[in-house]
Amino acid sequence: MNRFGIRFSMTTFGESHGKAIGCVLDGVPAGLEIDEASIQRELDRRKPGQNAYATARKEADAVEILSGVFEGKSTGTPIAMVIYNTNQKSKDYSNIKDVFRPGHADYTYWHKYGIRDYRGGGRASARETAARVAAGAVAKRMLSQLGISVRSGVAEIAGIAAKRYDFDHVARSEIYALDPDAETAQKQAVLDAKAAHDSVGGVVQVRIDGLPTGLGEPLYYKLDAVLADAMMGINAVKAVEIGEGMHSARLKGSENNDPIRRDGFESNHSGGILGGIGNGDTVRLNVYFKPTPSIFQEQHTVTVDDEEVDFSLKGRHDPCVAIRGSVVCEAMAALVCADMLLLNMGRTMEGVKSYYAS
């Protein structure tokens, strides 16, 4: 499945070393102001080759809108966007044509389809997430007109955790760190892993502010369930927590409940969601990324002919995928919110009548 969302839906296409990647957005309301520059700004946050903490692959990630926008506004028809790949080095992957890389999807793609694009992982590559960021940029434009903000930042790298969360600092940080005091140690952990031809994992925190109360479609399209689905669909994500997450299992009900007063909740252990429906408070989630499986150490594996071999990987890879992954988390959260807003519009007769009252 390559489609995400119901009312505000995204379909992506392309492979890591193919001619291009891109997306088609359907359900974008007509009249939304959209320009390539605003989408490009989001892509620039995610693009590779910007510093020592990311892959050396140099891609401009220049987006081109093909349809669905006229004179700077959405027309209500599908919005197609394309990003051409310009810096492939497919020969770097020739030595793994018949080899399954540990930690990658090579093994499972082969057994599912009987064929795989070994050049950088093909469709399974995180390169595809650039298309998600482009789509998320459009969703963020829609959310901004409703006073809704989606922010993200790196809360932890290699076990070095933030003690405070400064989302304003993220824009000034090369690794999108939330805690300026932890940033130096986090950077060094990435560089140390890189020097050792290894990699490290990390944790991204996403916060959504300004969501109206009532978003979410019980029972099987709950806000928290779809957010978790969106995050787990990102390459290398292995766990998602909402609110207190795993810690809530260690609390008493008296500690985990959020007391309510007329002016709102006294705490936010729920992460802004109750019964799968947003309660109007800040939505907070932590997204856990495994270490990048692309490491430059000799590893044991098998070939497509089930022969045991030792091999060493070549290529250009992120020593910590969570860093650029934080931008993808933000984009996917924005897509979920846009979808939920449109789904919620017809849930009551008052809502239907207010729309058609004119």
Original post:
Which of the residue pairs LYS19/LYS73; LYS19/LYS238; LYS140/LYS290; LYS47/LYS140; LYS194/LYS314 have a Cα-Cα distance greater than 21 Å in the structure shown?
Top reply: LYS19/LYS73; LYS19/LYS238; LYS140/LYS290
Original post:
What percent do you get for the relative contact order of the stretch 237-282 when only Cα pairs under 8 Å and 6+ apart count?
Top reply: 32 percent
**OP:** Take ARG250, ARG324, ARG207, ARG101 and sort them by solvent-accessible surface of the protein heavy atoms, 1.4 Å probe, largest at the top.
**Re:** ARG250, ARG207, ARG324, ARG101
**OP:** Could you work out the relative contact order of the stretch 28-122, using alpha carbon pairs under 8 angstrom and six or more residues apart, expressed as a whole percent?
**Re:** 24 percent
**OP:** Mind ranking 172-181, 43-52 by how tightly packed they are, going by the mean number of other C-beta atoms within 10 angstrom, highest first?
**Re:** 172-181, 43-52
Subject >> Computed label-point distance, nm, for sites ASP168 and SER94 using a 7 Å Cα→Cβ extension >> reply: 5.3 nm
Original post:
Points 7 angstrom from Cα along the Cβ direction at PHE296 and LYS314: gap in nanometres?
Top reply: 1.2 nm
**OP:** Helix by helix through the chain, keep the DSSP H runs that span 15 Å or more along the axis on Cα and average at least 0.0 on Kyte-Doolittle, and give those back in order.
**Re:** 129-144, 321-344
Original post:
Between Rg and the Kirkwood Rh of the stretch 23-160, both from Cα atoms, what is the Rg to Rh ratio?
Top reply: 1.03
Original post:
Convex hull over the Cα atoms of the chain, averaged projected area in nm²?
Top reply: 20.1 nm²
Original post:
Which of the GluC sites (Glu not before Pro) found in the stretch 272-340 are in a DSSP loop and have at most 14 neighbouring Cβ atoms, other than their own, within 10 Å?
Top reply: GLU298, GLU307
Original post:
Accessible surface of TYR118 in the full protein assembly, 1.4 angstrom probe, to the nearest 10 Å²?
Top reply: 60 Å²
Original post:
Over the alpha carbons of the stretch 257-358, what is the largest minus smallest coordinate on each principal axis, giving the biggest first in Å?
Top reply: 68, 37, 25
Subject >> Percent RCO, i.e. relative contact order, over the chain, from Cα pairs under 8 Å lying at least 6 residues apart >> reply: 21 percent
Subject >> Computed E for TYR355/THR213 - FRET, C-beta separation, R0 22 angstrom, nearest 0.05 >> reply: 0.70
Subject >> Ratio Rg/Rh [Cα only; Rh per Kirkwood] for the stretch 152-263 >> reply: 1.03
Subject >> Helix-only CD estimate at 222 nm, as mean residue ellipticity for the chain, using -39500 (n - 2.57) per DSSP H run (n ≥ 4) >> reply: -8500 deg cm²/dmol
Original post:
At HIS111 and ASN257, where each label point lies 7 Å from the Cα along Cα→Cβ, what is the point-to-point distance in nanometres?
Top reply: 4.7 nm
**OP:** Count neighbours as other Cβ atoms within 10 Å of each site's Cβ, and list the GluC sites (Glu not before Pro) in the stretch 28-106 that are DSSP loop with at most 11 such neighbours.
**Re:** GLU71
Subject >> Distance cut-off 14 Å, percentage of C-alpha pairs in the stretch 12-57 lying past it >> reply: 70 percent
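The values are calculated or read from the model by the stated rules, or taken from the named source; none is laboratory data. Keep in mind it's a predicted model, so treat the numbers as computed, not measured. As a convention, Cβ positions derive from the backbone with ideal geometry for all residues, glycine included, and neighbour counts pool all protein chains shown. We work out accessible area using only protein heavy atoms, side chains counted, and drop any ligands, DNA or RNA first. Shrake-Rupley method; radii C 1.70, N 1.55, O 1.52, S 1.80 Å.
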